[in-house]
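Here's the structure we're looking at; comments come further down.
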Amino acid sequence: MMTKLRSYGPATLLLWVLVLIYLFPVAWFILSSFKPGSELFSLPLSILPENWTFSGYITAWNRFNFAQYFFNTGLVAVVTTVLTVFVSAMTGYALAKYKAKWLSIFFICILATTMLPTEVIMPSTFVVIRDLGLYNQLAGIIVPSIITATGIFMFRQYFKTVPDELLEAARIDGVGEIRAFFSIMLPLAKPIAVTLAIFSFQWRWNDYIWPLLVLNDPNRYTLQLALRSIVGADNIDWSVLLSASVISLVPMVILFFVFQKQIMNADMNSGLKD
């Protein structure tokens with residue numbers, strides 16, 4: 001027992017040090033939201049508020065229509081997530097289980113898109129959205145975000161591990177392709193679907209650049225655009241901005257605690273992009 005403690009002791013200590021290093025700015029950020037504006041930049045700086053106040057939260061909630069912003073962002077995140085999982089699963093299934101040379105080429109082309117920075121394809125995507133009449137519409141944010149190479153790759157690799165004999169047996173029993181997908185393949189891929197759903201929701205909730213390009217009506221702003229509107233040209237009300245930022249994090253924190261097991265086990269997301 002003592003030998004194990006000695007061998008794991010330095011590694012455990014190092015991990016705790018790293019945890020504290022990462023937690024320090026988060027703790028400073030949250031605690032600063034409870035400080036009055038005059039205390040944020042007073043010297044010497046202190047991590048704990050001297051005068052605790054909720055005025056920043058009250059002002060942020062009353063000044064901005066958070067209900068509308070939460071609804072807009074939630075609608076975009078939920079609809080996009082559902083469609084992303086569904087389309088990625090169907091595409092991954094086709095690429096994994098149908099035998100055709102052009103499908104392999106098509107899959108390589110999909111993977112090649114991950115080598116392009118998102119900013120490179122934004123101008124052409126914007127032109128398409130504008131010509132479709134989706135500019136300044138929430139649908140203009142949703143439609144380009146449905147198909148992701150990450151999701152297709154995840155489902156394809158998982159469906160490749162499912163024995164072909166399982167599908168052959170279903171086909172012999174008279175099960176059609178659509179029914180086989182929904183009743184056999186999709187339930188088997190539930191862990192992948194949950195993992196992709198979590199990260200897709202996170203991507204869409206935190207998205208800023210694309211909504212900034214597509215939306216110009218404040219009533220259709222997502223949460224990230226609304227937070228940006230707090231920052232003025234000359235004056236920044238830091239206490240309100242910090243409090244509003246903390247409010248915007250609440251749904252993501254709830255999502256983490258509800259699905260923390262799936263999130264912690266989702267190592268496959270590492271190195272991939274949306």
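The numbers here are math on the coordinates, done by the rules we state, and not lab data. Being a predicted model, the structure only gives us computed values, none of them experimental. Heads up, the Cβs are rebuilt from the backbone with ideal geometry, glycines too, and the neighbour counts pull from every protein chain shown.
Step through the residues of segment 69-74 one at a time and calculate ³J(HN,Hα) from phi using the Karplus curve (6.51 cos²θ - 1.76 cosθ + 1.60, θ = phi - 60°), rounding each to whole Hz and writing x for Gly and Pro.
The phi angles translate into 5, 5, 5, 4, 5, x Hz.
Counting other beta carbons within 10 Å of each Cβ, put Lys99, Lys160 in order, fewest first. Present the calculation step by step, with values, prior to reporting the outcome.
Numbers: Lys99 7, Lys160 12.
Ranking Lys99, Lys160 by Cβ neighbours within 10 Å, fewest first, gives Lys99, Lys160.
List Leu196, Leu223, Leu167 from most exposed to least, where exposure is judged by having the fewest other Cβ atoms within 10 Å. Before the final figure, lay out the partial values.
On the way: Leu196 26, Leu223 29, Leu167 19.
Lowest to highest Cβ neighbour count: Leu167, Leu196, Leu223.
Given the rule -39500 (n - 2.57) for each run of at least 4 DSSP H residues, summed and divided by the residues of the chain, what is its mean residue ellipticity at 222 nm, to the nearest 500 deg cm²/dmol?
On the way: 15 runs with 188 residues, N = 274.
Taken over the chain, the calculation gives -21500 deg cm²/dmol.
In this model, which of Lys160/Lys190; Lys160/Lys261; Lys99/Lys190; Lys97/Lys261 are farther than 21 Å apart at the alpha-carbon? Walk me through the intermediate numbers first.
On the way: Lys160/Lys190 15 Å; Lys160/Lys261 25 Å; Lys99/Lys190 24 Å; Lys97/Lys261 30 Å.
Pairs exceeding 21 Å: Lys160/Lys261; Lys99/Lys190; Lys97/Lys261.
In whole Hz, what ³J(HN,Hα) sequence does segment 15-26 give by Karplus (6.51, -1.76, 1.60; θ = phi - 60°), x for Gly and Pro?
Here the 3J(HN,Hα) series is 5, 5, 5, 5, 4, 5, 4, 6, 6, 4, x, 5 Hz.
Quickly work out the Asp217-to-Leu75 label distance, labels modelled 7 Å from Cα along the C-beta direction, and quote it in nm with one decimal.
Each label point is offset 7 Å from its Cα along the Cβ direction, giving 0.9 nm.
When all alpha-carbon pairs of the chain are counted, what percent fall beyond 35 Å? Working shown, then result.
Numbers: 13242 of 37401 pairs.
Roughly 35 percent, rounded to a whole number.
Give me a comma-separated list of calculated 3J(HN,Hα) values for segment 244-252, in order, Karplus coefficients 6.51, -1.76, 1.60 applied at θ = phi - 60°, integers in Hz, x for any Gly or Pro.
Values, residue by residue: 5, 5, 5, 4, 5, 7, 4, x, 5 Hz.
Explain nothing, just the number: relative contact order of segment 74-269, from Cα pairs under 8 Å at least 6 residues apart, as a whole percent.
Details: 148 pairs, mean separation 60.7, N = 196.
Answer for segment 74-269 is 31 percent.
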